[in-house]
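Structure record follows, encoded as structure tokens.
The values are calculated or read from the model by the stated rules, or taken from the named source; none is laboratory data. Model, not experiment: these values are computed from the prediction. Cβ sites come from the backbone with ideal geometry, for glycine too, and all protein chains shown count toward neighbours.
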Amino acid sequence: MPIKREKPKERFSYDPKKVIKKLEDLGKEILELVREGRNPFIDIPTRGLSNVYFDERSRLIKMGNKLSRRYFLNVAHARKFMQTLLIAAYVKRLVSEGKHASLREAYYANKHSLAGSKENTFESQSESDPIIEDLERTLGVLREEMHLTADRRGYVYGDLTIRDGEDEFNCSKLGMGGWAVPGTVEHLEFVNINADYVLVVETAAMADRLIEEKYPKKEKAIIIATQGQASRGVRRLIHRLHYEEGLPIIVFTDGDPYGWYIYSTIKQGSINLAYLSEKLATPEAKFVGMTMDDVEKYDLRNVTEKLKGIPPNKRGGPSGDYKRIIEEMNYPWFKTKEWQRQLKLALKWGVRIEQQALANKSLEFVAKKYLPEKIAKEELLP
Amino acid sequence: MKDSKDSKELFKEFKIQSVSEFFRRNAAMLGYTGKIRSMTTLIHEAVTNALDACEEAGILPYVRVEIEELGSEHYKIIVEDNGPGIPENYIAHVFGKMLAGTKAHRNIQSRGQQGIGISGAVMFAQMTSGKATRVITSTGGDIIEAWVMIDVEKNEGKIVKKTKHENPTGWRGTRIELEVKDVRYIRSKQGPYWYLKLTAIANPHAHIELIEPDGRLIVFPRSSKEIPEPPVEMKPHPKGVITDDVFRMAKKTRRETVKRFLIGEFSRISDQRVEELVRYIAALRLIKKEDKNRRKQLLERLANGEIDIILRSYGKKGKQALRAARKLIEKEPAKLTWHETEEIVEAFKYMKFLAPPTHGLRPIGEINIERGLVSILKPEFVTALTRSPKVYRGGVPFQVEVGLAFGGNIENGFNLLRYANRVPLLFDAGSCVTTLATKSVDWKRYKVDDLESAPLIIMINVLSVHVPYTSTGKQSIASEEEIYEEIRLALMEVGRRLKRYLSGKHRKLYVVKRRKTLEKYVDEIAKALSVLVNEPEEEVRNYFVELITRKFEEVETEKVEEVVMTSPGVEEVNEESE
């Protein structure tokens, strides 16, 4: 059964009013505590590995319910308490005025010196960024929904018409470079889509190759280049395209632990952004390559590269790639038979394979044979 | 005749030599060794005289010391006081009589340690510069100006020149001017400056001034108006005497029998104790006749108080011995032989007496020590402790006082100020029990991490009728176990007080800092929160200001913030750590 667009599972639901309401509620709770003469606090879900778990049912990395309580009357917390409120007030202004600010702009907008001291409200962006993440977790609201944007990374190409504010455009008519995915994709509307699936590609070079070979047109695919680890914008776009537009997601990365981890992040979410997994991750995504089986099947032995680091059976090992692979073997979502086989083979052979290695056959090989064949036969990993 | 004249001459020469010879030979004991120390000793003698005279007359002392440099190692030392003055016909006696110290051999806590006092200073001046000592004094009437020398032939004071002046202002006091050579003025820890500073600390009722050779005036002001009561003579305790003491006292006493003598001139000796003494002497005489092993055994039993059993075991012989011993008690004290005196003192060793009375000791007192330390050192924290009197070697009463001053104007670097009967000890610090005891305390326990560099001064005053000095120099107190322990206990207590102060100080600083930190953020928080809740910024701000105020009002009774679980399903609520 060829891969086709399915029925949508989610409806687009972004309401700036909800965000403002949440911010106001936070403020009211604090004011209420202070009025009662109690020590005001903000409960912030704890970040880090200790507060993350893999939910087997939804197959998502999720955040636990450990909370850190940030008190005003605690000297160690007071500064962050102040910073959190500062950002919250800033976000309220942004959202109500319908403006967007980059993380760096948010930092500069809120940086000023405290009256009667040399101290600044924020000393560097590395102070404001985590506060923004804290606020996301506390309110359960995306940074994007708070009108705070990150740098663009990754692009999309294909027969997909998007309305972005007053502009409407088709992503296959913007030149070979496609359309760069912004940090915030919440406000985008998908006007028209003429595609069967989304192919997420790790490297820009491979995406460019596929575009040149007219793969999107021939195979009715939308190509999204992540350019390394997928940014939040890209992940959110993938999520929306899958859930709101019913497009199947197929991921194409290098055959190495780093590539597989990119896939894992798109599919299950990441530890850092565990609280956003439900909005960023796409557990239904599938993996087309590169796999170790490809090496054998397409006779790519001579274009593999050696894994970096020390193998587990050698002194000092495992380290580098080997260590990473062993870690990945222990991820619950890689516990499937297929994945364990790939990872074990990689360990056994001690090799990795890049997407571009397919050019060893011919430039068109990947677009004309490798991908269409594998996808048509559904030789995909879960 | 010729022979006899020669021998007379010889004898005369011998006498002349003996006084100055005595002085030279005992220079160390008298404190006149070294150029710096000699200078300090001269000032010590003069200042002590002044302070004692004032105390005895109930006058708040005002002492002014002036040191003029006349040439190389050649000085004039002037000490003036506002004391009662010296009556005209006593001047020669006070300044001239060597070894006539009124305090020597008396059972009294005294400043003068050497029993030679100011006459020694006069002698020293005379020996080094050849000059007489000028004394200007008045008891309120005419002012008498006298030049005093010591007649080494007669060993007494001699007024070389004397004039009377009118006294229209009614001045009263004494001024002495000593011209000395072979001494040196240095502002060191062993010189007059340091000596007077320490004296001022231990005598807060005195106003002391010093004019240094370069004309600099240093004032140690009075900080207390309490004149210390003069010490009282205490009768010796039987456990604190040696044969020589008893023998000499027996020769001098006017009592008719040894029994009366012992009861009357010793403390803690009663009729009963004398009866007991007779039994002990008798027993000891009998025991002495036994062979070595048996003697040892019996002496041990005697020490255990088995006197009656021992005497009874001798039967008839015992009763005879008792009768013989009783005769000794009924003797005239003057006829007591050395051997008999020894027997009495030996018996004392085996007997039990009440601890000696301590009413004669005159501590400076906690309040006065604190006053002295505060006014001279201007510290940030001061505390003092006077322990109750104790006894060492079984019969010698003593008492320990400790003062501690920390921070403020005190420079970094630890200093120990040592005193014996209020007199500063400036030499031989290393072997002194006060130094040893101070070193033995673990100061880290009291928040003094590095004693040597701490802004800390400790003063220790050991009071006793007989301060056990390590040497004739009398500048270092021997490490008697009881004294050592008392000093340690006192140091640990003031150490605990210092620790309490330091922790309190840290806590207070911490609280102030915390409050400032929180207040710093109030403006920002108020602004942000007013945006979030659409309420006036000023109102929001006030809530926070009130919250902080209330928080720090109750900071003393602060409790750890209780963590309340508010949201259901919350497994764990951690306070954010930073």
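So here's what we get for this one:
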| item | result |
| --- | --- |
| Of all residues making up region A:330-346, the number that are at pLDDT below 90, in contact with a Phe, Trp or Tyr (Cβ under 9 Å, 6 or more places away or on another chain) and either surrounded by fewer than 16 Cβ atoms within 10 Å (Cβ to Cβ) or in a helix (DSSP H, G or I) (or both) | 3 |
| Filter result for the condition that a residue is under 24 Å from the mean Cα position of the chain (by Cα) and in the same structural domain as residue A:44 (by TED's automatic domain parsing), over A:119, A:136, A:123, A:97 | A:136 |
| Search result, residues across region B:131-165 that are outside any strand (DSSP E or B) and over 34 Å from the mean Cα position of the chain (by Cα) | B:141, B:142, B:153, B:154 |
| Segments classed as strands (runs of 3 or more DSSP E), wholly inside region B:317-424, with at least 1 members that are touching a His at 6+ places or on another chain (Cβ under 6 Å) and buried (at least 17 other Cβ atoms within 10 Å of the Cβ) | B:396-406 |
| Residue in region A:334-347 that is among the β-branched types (Val, Ile, Thr) and touching a Leu at 6+ places or on another chain (Cβ under 7 Å) present | no |
| When residues of region A:102-121 are limited to those that are more than 11 Å from chain B (Cβ to nearest Cβ) and among the aliphatic types (A, V, I, L, M), the one surrounded by the most Cβ atoms within 10 Å (Cβ to Cβ) | A:106 |
| From B:370, B:401, B:411, residue being acidic (Asp, Glu) and closer than 28 Å to residue B:235 by Cβ | B:401 |
| Flag if residue B:169 is surrounded by fewer than 16 Cβ atoms within 10 Å (Cβ to Cβ) and either closer than 24 Å to residue B:51 by Cβ or of a type in the set (D, E, K, R) (or both) | yes |
| Filter pass, residue A:69 being more than 20 Å from the chain's Cα centre (by Cα) and facing chain B (nearest Cβ under 7 Å) | yes |
| Leading residue by the ranking (surrounded by the fewest Cβ atoms within 10 Å (Cβ to Cβ)) among those in region A:239-265 that are touching a helix residue (DSSP H, G or I) at 6+ places or on another chain (Cβ under 6 Å) and aliphatic (A, V, I, L, M) | A:249 |
| Every residue from region B:493-521 that is β-branched (Val, Ile, Thr) and modelled with pLDDT of 90 or more | B:494 |
| Selection count where residues are surrounded by fewer than 20 Cβ atoms within 10 Å (Cβ to Cβ) and either modelled with pLDDT of 85 or more or of a type in the set (Asp, Glu) (or both), scope region B:1-32 | 5 |
| Test: residue in region B:291-305 that is assigned to a helix (DSSP H, G or I), within 30 Å of the chain's Cα centre (by Cα) and among the polar types (S, T, N, Q) | no |
| Checking residue A:130 against (1) within 14 Å of chain B (Cβ to nearest Cβ); (2) buried (at least 21 other Cβ atoms within 10 Å of the Cβ); (3) not acidic (Asp, Glu), the condition it does not meet | (2) |
| Cross-chain or 6+ apart pairs with Cβ under 8 Å, region B:75-93 first and in the same structural domain as residue B:127 (by TED's automatic domain parsing), then in a helix (DSSP H, G or I) and surrounded by fewer than 20 Cβ atoms within 10 Å (Cβ to Cβ) | B:83/B:57; B:84/B:56; B:84/B:57 |
| Index of the failed condition, residue A:76 passing every other in (1) within 7 Å of another protein chain (Cβ to nearest Cβ); (2) part of a helix (DSSP H, G or I); (3) surrounded by 22 or more Cβ atoms within 10 Å (Cβ to Cβ); (4) of a type outside the set (D, E, K, R) | (3) |
| Filter result for residue B:45 (assigned to a helix (DSSP H, G or I) and among the charged types (D, E, K, R)) | yes |
| Some residue of region A:49-57 being crowded, with 19+ Cβ neighbours inside 10 Å, among the hydrophobic types (A, V, I, L, M, F, W, C) and more than 12 Å from chain B (Cβ to nearest Cβ) | yes |
| Breaking point among (1) under 23 Å from residue A:130 (Cβ atoms); (2) modelled with pLDDT under 90; (3) surrounded by 10 or more Cβ atoms within 10 Å (Cβ to Cβ), for residue B:551 | (1) |
| Residue match in region B:434-448 (condition: more than 20 Å from residue B:31 (Cβ to Cβ), in contact with a strand residue (DSSP E or B) (Cβ under 7 Å, 6 or more places away or on another chain) and either in a strand (DSSP E or B) or in the same structural domain as residue B:471 (by TED's automatic domain parsing) (or both)) | yes |
